[in-house]
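The values are calculated or read from the model by the stated rules, or taken from the named source; none is laboratory data. Here the structure is a predicted model, which is why all the values come from computation and not from measurement. We place every Cβ from the backbone using ideal geometry, glycine too, and count neighbours over all the protein chains shown. Just the protein is used for accessible areas: all its heavy atoms, side chains included, with ligands, DNA and RNA removed. Shrake-Rupley method; radii C 1.70, N 1.55, O 1.52, S 1.80 Å.
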Amino acid sequence: MASTTTTAASTAASGPRTGPGFALLGTVQATLIFTLMAISVPLPDIGREFGADHSRLVLLNAAYGLSFAALLLLGGRLTDRYGGRRILTVGLVVLGLASAAAPIAPGYTALLLLRFVQGAAAALAAPAGMAVLKALLPGPEAYGRAMATWGGLSVLGATTGNLASGAVASWLSWRWMFAVPVIVAATVLALAPRLLPADRPREQRPALDLPGAVLATAGTVLVSYGLVLTETGGWALPLALGLLLLAAFVLRERRAAQPLLPLGFLRGGRRLLGLAATMLSAGGTATLFLLLTLHLQQDLGWTPLATSGAFLPYAAALLVGGRVAGPLVGRFGPKAVTAAGLATGAAGLLALAHLDAGSTYLPLVPGLVLLPFGAALAFAGAAVLATDGVPEEQIGLAGGVLNTAMELGPTVLLTALLTVGADGAALAAAGALFALTALAGTRT
């Protein structure tokens, strides 16, 4: 993962100082999403070891993402207030400690708590990393090229996490997956003083809207938790309470002197297109991962290791897409590349729409190539659109909003699609959403 990021950095950043710094930050971003997916494939093994039933495993799988998504806005504003490298350091220290403790968790409850802590640490590190990147590459052209590469790092981390989790669970133990964030956190903390710029003194620091932070955090957690519970029941109350709290958050932000999320920040078709494309790309790829993983293991009887291997064409297409995305954004612009990526992703999802219990693997391969290639393009263009023209004092906020869209995409879209019915119908519906958003993007 780190070597891939280093290669990408050579085209995204210039000069001997910025290249290694970009590689370091890119590795952090990929690792945060890698850690999100670290226990996805071996969940059945964890359930057997800890005696956890299906509903408890669903919560365990969602715990990291719940705290990650819920605290991102606060993490972004803390970054704007206290500085990117300072908050990045705090996030990595907490992530490393929680990840070191996870392999020795004595039971389900301890592991669940540590997954929540990991997600909270990621909510600090993700927007802080983007703020440090802005300081590393202050020029708009260099920063735009870097963001075009940055957009694909999350989906790269997710793919690597899925591929590695099956192999590690088969050959060693799921506990070894937590070694990656420990090693990355320790490495980045050791190299940051030499490779990353120090925080600059700020004459004015944005105030922290603590009531807004409480409303946003509680609302996001309850909505996400309610959506997660739709499969097991008991979802209506947390979902309703979460929506009420988010409505209260919007009212609070309209009246606050220094809001956590200035509502004007979300105005503008280009930024909204970038955030929508980010949500769709994250949600579409997560939907495919879940449905195909279940199909291969439950319907076809594949092992976790073989299931991970089935995604090798997906990973190859993703790497190629990430490689060409930056130059394409530079040549044709982020809006055109985002729309083209969504259209390609739509074609991939529609090619997978025949998925059912009797589907064999080989006919699915074209979709396994088109979707990740398109998602890589869409992520690259969307990252540029979502952060274009953001002033330096709001770059942490931009990172928080972008990563929130990335985290909420799988929860919201996956839950909505699973209500459609059969696996093929869900993938076809996702393809239609991709196509409609691509069409809207051409007219924005």
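Structure summary
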{"quantity": "Enumeration of residues in region 164-211 that are in a helix (DSSP H, G or I), open to solvent by 40 Å² or more (accessible area, probe 1.4 Å) and either in contact with an Asp or Glu (Cβ under 9 Å, 6 or more places away or on another chain) or of a type in the set (Val, Ile, Thr) (or both)", "calculated": "VAL180, VAL182, ILE183, THR187"}
{"quantity": "Residue within region 138-150 that is of a type in the set (D, E, K, R), closer than 21 Å to GLN29 by Cβ, open to solvent by 30 Å² or more (accessible area, probe 1.4 Å) and part of a loop (DSSP other than H, G, I, E, B) present", "calculated": "no"}
{"quantity": "Residues located in region 91-111, provided they are surrounded by 17 or more Cβ atoms within 10 Å (Cβ to Cβ) and either in contact with a strand residue (DSSP E or B) (Cβ under 9 Å, 6 or more places away or on another chain) or in a helix (DSSP H, G or I) (or both)", "calculated": "GLY91, LEU92, VAL94, LEU95, GLY96, ALA98, SER99, ALA101, ALA102, TYR108, LEU111"}
{"quantity": "Which numbered condition VAL41 fails, given (1) farther than 15 Å from GLU407 by Cβ; (2) part of a helix (DSSP H, G or I); (3) open to solvent by less than 40 Å² (accessible area, probe 1.4 Å)", "calculated": "(2)"}
{"quantity": "Filter result for GLY322 (closer than 20 Å to THR387 by Cβ and open to solvent by 30 Å² or more (accessible area, probe 1.4 Å))", "calculated": "yes"}
{"quantity": "Within region 297-319, tally of residues that are within 17 Å of GLY157 (Cβ to Cβ) and open to solvent by less than 40 Å² (accessible area, probe 1.4 Å)", "calculated": "6"}
{"quantity": "Which listed residue is aliphatic (A, V, I, L, M) and open to solvent by less than 10 Å² (accessible area, probe 1.4 Å), from LEU397, LEU414", "calculated": "LEU397"}
{"quantity": "Lone qualifier among LEU275, LEU342, LEU371, LEU290 - being open to solvent by 10 Å² or more (accessible area, probe 1.4 Å), of a type outside the set (Val, Ile, Thr), over 20 Å from LEU43 (Cβ atoms) and in contact (Cβ under 8 Å) with a residue 12 or more places away in the chain", "calculated": "LEU275"}
{"quantity": "Of all residues making up region 256-282, the number that are modelled with pLDDT of 85 or more and under 25 Å from ALA62 (Cα atoms)", "calculated": "9"}
{"quantity": "Complete set of residues in region 417-430 that are surrounded by fewer than 23 Cβ atoms within 10 Å (Cβ to Cβ) and not β-branched (Val, Ile, Thr)", "calculated": "LEU418, GLY421, ALA422, GLY424, ALA425, ALA428, ALA429"}
{"quantity": "2 or more residues modelled with pLDDT of 90 or more and farther than 16 Å from GLY152 by Cα: qualifying helices (runs of 4 or more DSSP H) within region 329-444", "calculated": "334-351, 365-387, 423-442"}
